[in-house]
1. Do you know which of the residues in region 15-34 that are in contact (Cβ under 8 Å) with a residue 40 or more places away in the chain and in a loop (DSSP other than H, G, I, E, B) is surrounded by the fewest Cβ atoms within 10 Å (Cβ to Cβ)?
2. Output the residue which, of all residues in region 16-42 that are of a type in the set (D, E, K, R) and modelled with pLDDT of 80 or more, is farthest from D74 (Cα to Cα).
3. Do we find a residue being surrounded by 11 or more Cβ atoms within 10 Å (Cβ to Cβ), at pLDDT below 90 and not in a loop (DSSP other than H, G, I, E, B) anywhere in region 55-75?
4. Would you be able to tell me the number of residues in region 35-54 that are under 11 Å from the mean Cα position of the chain (by Cα) and part of a helix (DSSP H, G or I)?
Amino acid sequence: MTDGPGYALADQDDEVVFDGPVQMLAGRNDRVVGYADQFRALRGYPRRTNAVLDAAGHYLPFEQPELFRTLTQDWLQRCGT
């Protein structure tokens with residue numbers, strides 16, 4: 001499934017740009033919200049890293065815990081945490 005049932009955010013069409021580090025993780029097999037919608041917001045996050053995990057659905061921390069941990073730790077380092 002490439003797209004969820006259409007859960008829109010109130011500010012998803014805003015032209016605001018966030019210049020901090022952003023990590024977007026999604027599961028390719030997510031049947032709750034999908035994964036394709038994240039790509040529509042690329043221009044608002046110039047320091048964004050996207051990862052679509054093939055062997056995961058909506059519960060990434062439980063389905064791919066090691067990969068989720070590694071990507072999250074990388075993001076935290078880029079945030080200076």
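1. Ranking the candidates gives G20 first.
2. First, pick out the residues of region 16-42 that are of a type in the set (D, E, K, R): 19, 28, 30-31, 37, 40.
Cutting the leftovers down to modelled with pLDDT of 80 or more gives us 19, 28, 30-31.
On the way: D19: 17, R28: 21, D30: 23, R31: 27 Å.
Filtering first and then ranking leaves R31.
3. No - not one qualifying residue is present in region 55-75.
4. Filtering region 35-54 for residues under 11 Å from the mean Cα position of the chain (by Cα) gives 35-39, 41-42, 48-53.
Among the residues that remain, those that are also part of a helix (DSSP H, G or I) are: 36-39, 41-42.
Number satisfying all stated conditions: 6.
The values are calculated or read from the model by the stated rules, or taken from the named source; none is laboratory data. These figures come from a predicted structure and were not determined experimentally. Neighbour counts run over all protein chains shown; Cβ positions are idealised from the backbone, glycine included.
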